[in-house]
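Reviewing the structure listed below.
The values are calculated or read from the model by the stated rules, or taken from the named source; none is laboratory data. Worth saying up front: this structure is predicted, and the values here are computed from it rather than measured. Positions of Cβ are backbone-derived with ideal geometry, glycine not excepted, and every protein chain shown enters the neighbour counts. Just the protein is used for accessible areas: all its heavy atoms, side chains included, with ligands, DNA and RNA removed. Shrake-Rupley method; radii C 1.70, N 1.55, O 1.52, S 1.80 Å.
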Amino acid sequence: MSRIEIDTLGKSFDGKRVLHDISLTLAPGRSLALIGPTAAGKTVLLKCLVGLYAPDRGSIKIDGADAGSADMRAETLNDRIGMLFQQNALFDSLSVWENIGFRLMARGETRVGARARAEELLPQVGLPVETADLFPADLSGGMQKRVGFARAIATAPDILLLDNPTAGLDPILAARVDAMISSLARKNGATVISATGNMVGLTDAYDDIAVLHDGALRWHGPADAAQKADNPWLRQLLSGSRTGPIQTMSPIETMSIEA
Ligand SMILES: Nc1ncnc2c1ncn2[C@@H]1O[C@H](COP(=O)(O)OP(=O)(O)O)[C@@H](O)[C@H]1O
Ligand SMILES: [Mg+2]
């Protein structure tokens, strides 16, 4: 059975269609890189999956059960899904270990137990244990990402949703973070969807790739087929070319440069 099954999903805001007819399935333990230009709909899709947005059409099933049902929503949000938000969403007033242990404590874990779990996770995400007592403001962007990632995996979720886990990192660090995500996910047997703008090492780090543009799925397949696939959206994203179906600038920006 598929761990995640998205069927003809649609979502609009104020009459503007943001996701259109998205159908996608993911087997347990597989990792998917969701790629696409800015405003493609990647974040909205992840927020539909975690239950923050209700789809207008279609359905999302997790292990065959409708994710929109009341029972499932509470369960998925609290237990099954770990999410790293685009802006990390760390709590400024909590220390690193409190950020990582936050959901564990919300579930009834003691402070001592939550701290121990945080200290176990820090080296796994490449941070020294001494980081535990620092605050988010003390950390670089890359370190904050790692803390956000440690928090996302603290409860050992079945499903990990990662929104731009490598945004703002240099390409070498970004490739390391992507590799770390896939190896930790494999170790924990988690199913991963990662909206990523980092194309370096992408096809090594993830099992599958899905291309989103203007709210529609343009390509979906195994990462090892992506290099050879004859798909203009995929080609343009992987090569970073300015020519192709994805316009890199809005007409207004183009006009002001030409003027
Ligand atoms: N809450 C919202 N209300 C209205 N429009 C939204 C909302 N969230 C996202 N959008 C719009 O949906 C489109 C897709 O956004 P998003 O999923 O954030 O793109 P991506 O993550 O691929 O950069 C954008 O045009 C964005 O402006
Ligand atoms: Mg986004």
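Summary table
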quantity	calculated
All positions within region 1-16 that are aliphatic (A, V, I, L, M) and within 15 Å of ligand 1 (Cβ to nearest atom)	Ile6, Leu9
Options Lys47, Lys11; residue that is among the basic types (Lys, Arg), within 16 Å of ligand 2 (Cβ to nearest atom) and modelled with pLDDT under 95	Lys47
Subset of region 130-152 [in contact (Cβ under 8 Å) with a residue 40 or more places away in the chain, within 15 Å of Val177 (Cα to Cα) and surrounded by fewer than 21 Cβ atoms within 10 Å (Cβ to Cβ)]	Gln144
Residues located in region 114-169, provided they are under 21 Å from the mean Cα position of the chain (by Cα), more than 20 Å from Ser93 (Cβ to Cβ) and in a loop (DSSP other than H, G, I, E, B)	Val125, Gly126, Thr155, Ala156, Pro157, Asp158, Asn164, Pro165, Thr166, Ala167, Gly168, Leu169
Unique residue being surrounded by fewer than 21 Cβ atoms within 10 Å (Cβ to Cβ), within 30 Å of Phe13 (Cα to Cα) and of a type outside the set (D, E, K, R) when the list is Ala195, Ala216, Ala225, Ala210	Ala216
Selection within region 99-113 - in a helix (DSSP H, G or I) and either open to solvent by 30 Å² or more (accessible area, probe 1.4 Å) or of a type in the set (A, V, I, L, M, F, W, C) (or both)	Ile100, Phe102, Arg103, Leu104, Met105, Ala106, Arg111, Val112
Whichever residue in region 17-54 is in a strand (DSSP E or B), more than 18 Å from Ser2 (Cα to Cα) and of a type in the set (A, V, I, L, M, F, W, C) and, among such residues, is nearest to ligand 1 (Cβ to nearest atom)	Val18
